[in-house]
Structures are given as structure tokens and as C-alpha cells.
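Trainee: Let me give you the structure first, and then I'll get to my questions.
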Amino acid sequence: MQACPNIARDLLDLWWSNAEHEARFNHVEIIFPAIVVSDALSLWQELVARTRSENARTRGLAAEVLGLIGHAMTVELVVQRLTECLRDSEWLVRMKSAEALGKLGSLAATHETLRWLTQCLHDPDGTVRTRAADALRQIQDVAPTEAIEEPDLSAKEALEWMEKMAAPQSLARLAECLRHRDKSVREQVLDGLSQRTVNCG
């Protein structure tokens with residue numbers, strides 16, 4: 001029975017070493033959750049330690065792994081730690097944490113998590129804002145109102161969300177962008193909408 005923990009650790013090391021070089025093993029990501037159960041506590045402690053590393057890339061990768069295997073651990077603790085990582089000083093860590101929470105779906109639907117993801121819609125980094133909006137959609141299955149109300153929302157981001165969440169309520173919120181304070185944004189939204197045929201029925 002001692003082999004399973006070793007397999008879990010070996011899989012983590014394999015995934016990690018390849019991720020550091022921008023490589024991915026999809027097969028590892030598929031079987032990882034089932035294997036992790038055998039050594040969940042040990043891996044959890046190690047991953048939490050890595051989310052506190054001085055290296056931002058290490059913290060980001062740790063958050064990504066938690067998103068992949070979090071549902072095989074104590075989900076409440078995983079969601080809590082990823083929510084804390086949304087406040088990291090580095091945009092990469094915030095982005096990876098938002099992505100990870102999105103992968104956990106409705107399991108991440110806590111008041112604190114939704115509050116911080118909503119805060120991330122105002123993040124200085126556009127990638128973080130987009131990932132936060134995606135995560136809110138995956139968790140709540142709705143387009144976040146704050147995403148449309150964000151005063152610095154770009155037309156490109158608004159249209160990307162519209163395409164991902166093509167639904168009547170999403171389109172109604174997008175229409176609010178037509179009242180954006182910036183004339184160029186209003187013009188871009190009109191231009192983008194004119195090039196898309198969306199079935200609202």
C-alpha cells in the first residue's frame with residue numbers, strides 16, 4: 001500500500017518539471033485526482049507551502065495544481081487557500097488562482113471567494129480580469145454584473161465575455177457598455193456587435 005503515495009508524488013514531480021518548461025501531460029492531469037487521494041494530506045501540505053514560496057512562478061504553479069486536484073482533497077481548505085492567493089502581489093499568481101477556482105466550479109461558491117473574484121474584475125492586469133470573469137461564470141453560471149459595470153472595461157473584453165456567455169441576460173448587460181463614459185469604447189462595442197449575429201431567442 002505504500003506504493004500509491006509514491007506514485008502520487010512521482011506524478012506531481014513529473015507534472016511540475018514539465019510545467020516549468022511550458023509543457024503539459026494531459027494524461028497525467030486526467031488520472032492525477034484519482035491517485036492523489038492516496039496521499040492527499042501530504043500533498044496538500046506541500047502544495048500550500050509552495051503557494052507561499054518567494055518565487056511567483058512556483059506560487060502560480062501550486063495554485064494551478066490545486067485547481068486540478070482540489071476536489072480530491074478537503075475542498076473547503078483548497079478553496080480558502082486559492083481565495084487567499086487572489087490577493088497575491090503578482091498578477092501571474094492571481095490569474096492562476098482564478099483559473100483554479102473556476103475549475104472547481106460550484107464547489108468554490110463561497111461568499112468570500114465570490115467577493116474576491118469580483119474584486120479581481122477591477123485588477124490592473126487584463127488577463128486577471130478575464131480569468132476572474134470566466135471563473136465567476138463557471139462557479140455561478142452567470143455573467144457577473146460587475147464585469148459590465150467596470151469603468152475601465154475594454155470593448156474587446158466585453159465582447160469576449162459575450163461570446164463565452166451567449167445568453168439573453170449577458171447580452172442585456174453588455175448593452176450597458178453602450179453607455180460607457182469613453183466614446184471610443186461605445187463605438188467599438190457597436191462595431192463588434194454589428195459583426196456578430198447572436199440568437200437571443
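Every number in this text was worked out from the coordinates using simple rules, so none of it is lab data. Being a predicted model, the structure only gives us computed values, none of them experimental.
Trainee: Could you please state, rounded to a whole Å, how far the C-alpha centre of region 51-89 is from the C-alpha centre of region 100-128?
Mentor: Cα centroid to Cα centroid, the span is 13 Å.
Trainee: Next question. Per residue of region 73-90, in order, report the coupling 6.51 cos²θ - 1.76 cosθ + 1.60 (Karplus, θ = phi - 60°) as ³J(HN,Hα) in whole Hz, putting x for Gly and Pro.
Mentor: Calculated HN-Hα couplings, in order: 10, 7, 4, 4, 5, 5, 4, 4, 5, 5, 5, 4, 5, 5, 9, 4, 6, 9 Hz.
Trainee: Could I ask something else about it? Can you tell me what percent of all Cα-Cα pairs in region 39-96 are more than 17 Å apart?
Mentor: 26
Trainee: What list of ³J(HN,Hα) couplings, whole Hz, do you get for region 110-117 from phi and the Karplus terms 6.51, -1.76, 1.60, once you set θ to phi - 60° and write x for glycine and proline?
Mentor: 9, 4, 5, 5, 5, 5, 6, 5
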